[in-house]
Protein chains: 2
Amino acid sequence: MNYNVIVDVTLRKGIADPEGSTIERALPALGFTGVSNVHAGKSFRFDVEASDESAALEKATALAERLLSNPVIEDANARLAEEA
Amino acid sequence: MNYNVIVDVTLRKGIADPEGSTIERALPALGFTGVSNVHAGKSFRFDVEASDESAALEKATALAERLLSNPVIEDANARLAEEA
């Protein structure tokens with residue numbers, strides 16, 4: 001069976017996030033106030049063929065750590081997409 | 001009140017996704033089979049100060065369309081983060 005999986009890759013705590021900081025600095029000039037703690041990350045969506053949900057998530061997590069993220073500076077989190 | 005919002009930016013349907021295609025092509029060489037339809041996107045997480053949830057989402061959507069995405073080729077979707 002095919003499961004639609006989403007992998008979120010975010011920078012680990014304490015790792016500098018220049019993209020997020022730049023966005024945060026640009027906001028007041030565009031008239032947006034009250035926005036803070038901006039963090040930028042990546043997301044990947046794909047279909048995994050697996051026998052059940054946990055096998056699909058396991059495969060997606062292995063793939064995320066091996067190919068989609070740099071485990072030294074990034075955290076990868078796999079989850080099933082809500083909609084079919 | 002502060003709401004933690006996540007904005008997912010994905011390429012519109014029909015727009016070429018070279019990053020996703022490259023990942024998909026690399027998978028068999030790493031021993032991953034049964035993975036298809038790989039799509040790459042970006043995600044942003046930030047805190048929004050607003051009076052209620054719908055105001056926070058409205059502000060996040062405006063920000064996403066104005067600054068975080070290119071509406072010509074990308075879709076932006078704002079949602080509240082589950083955990084506080």
Of the residues in segment A:10-33, those that are hydroxyl-bearing (Ser, Thr, Tyr) and over 19 Å from A:Asn77 (Cα atoms) come to A:Ser21, A:Thr22, A:Thr33
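Does A:Ser43 satisfy the criteria of being outside any helix (DSSP H, G or I), within 30 Å of B:Ser36 (Cα to Cα), small (Gly, Ala, Ser) and open to solvent by 80 Å² or more (accessible area, probe 1.4 Å)?
no
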Per the list (1) within 7 Å of chain B (Cβ to nearest Cβ); (2) exposed (fewer than 14 other Cβ atoms within 10 Å of the Cβ); (3) not in a strand (DSSP E or B), residue check on A:Ala29 breaks on (1)
Of the residues in segment B:1-26, those that are surrounded by fewer than 19 Cβ atoms within 10 Å (Cβ to Cβ) and facing chain A (nearest Cβ under 7 Å) come to B:Ala26
Selection from segment B:43-69 of residues within 7 Å of chain A (Cβ to nearest Cβ) and among the acidic types (Asp, Glu) yields B:Asp47, B:Glu49
Can you confirm whether B:Ala81 is farther than 30 Å from A:Ala50 by Cα and modelled with pLDDT under 95? no
Those residues of segment B:8-27 that are free of Cβ contacts under 8 Å to residues at least 40 places away in the same chain, closer than 15 Å to A:Ser43 by Cβ and either of a type outside the set (Gly, Ala, Ser) or touching a helix residue (DSSP H, G or I) at 6+ places or on another chain (Cβ under 7 Å) (or both) come to a total of 3
Residue pairs qualifying under the 7 Å Cβ cut-off, at least six apart or on distinct chains, with the first in segment A:55-84 being of a type outside the set (D, E, K, R) and the second being part of a loop (DSSP other than H, G, I, E, B) and surrounded by 15 or more Cβ atoms within 10 Å (Cβ to Cβ), are A:Ala56/A:Ala50; A:Leu63/B:Phe32; A:Ala76/A:Ser69
Looking across segment B:46-83 at residues that are of a type in the set (S, T, N, Q) and farther than 19 Å from A:Asp8 by Cβ, the single one that is surrounded by the most Cβ atoms within 10 Å (Cβ to Cβ) is B:Thr61
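The values are calculated or read from the model by the stated rules, or taken from the named source; none is laboratory data. None of these values were measured; they are calculated from a predicted model. Cβ coordinates were reconstructed from backbone atoms using ideal geometry, including for glycine residues, and neighbour counts include every protein chain displayed. Keep in mind that these areas ignore ligands, DNA and RNA; they rest on the heavy atoms of the full protein, side chains included. Shrake-Rupley method; radii C 1.70, N 1.55, O 1.52, S 1.80 Å.
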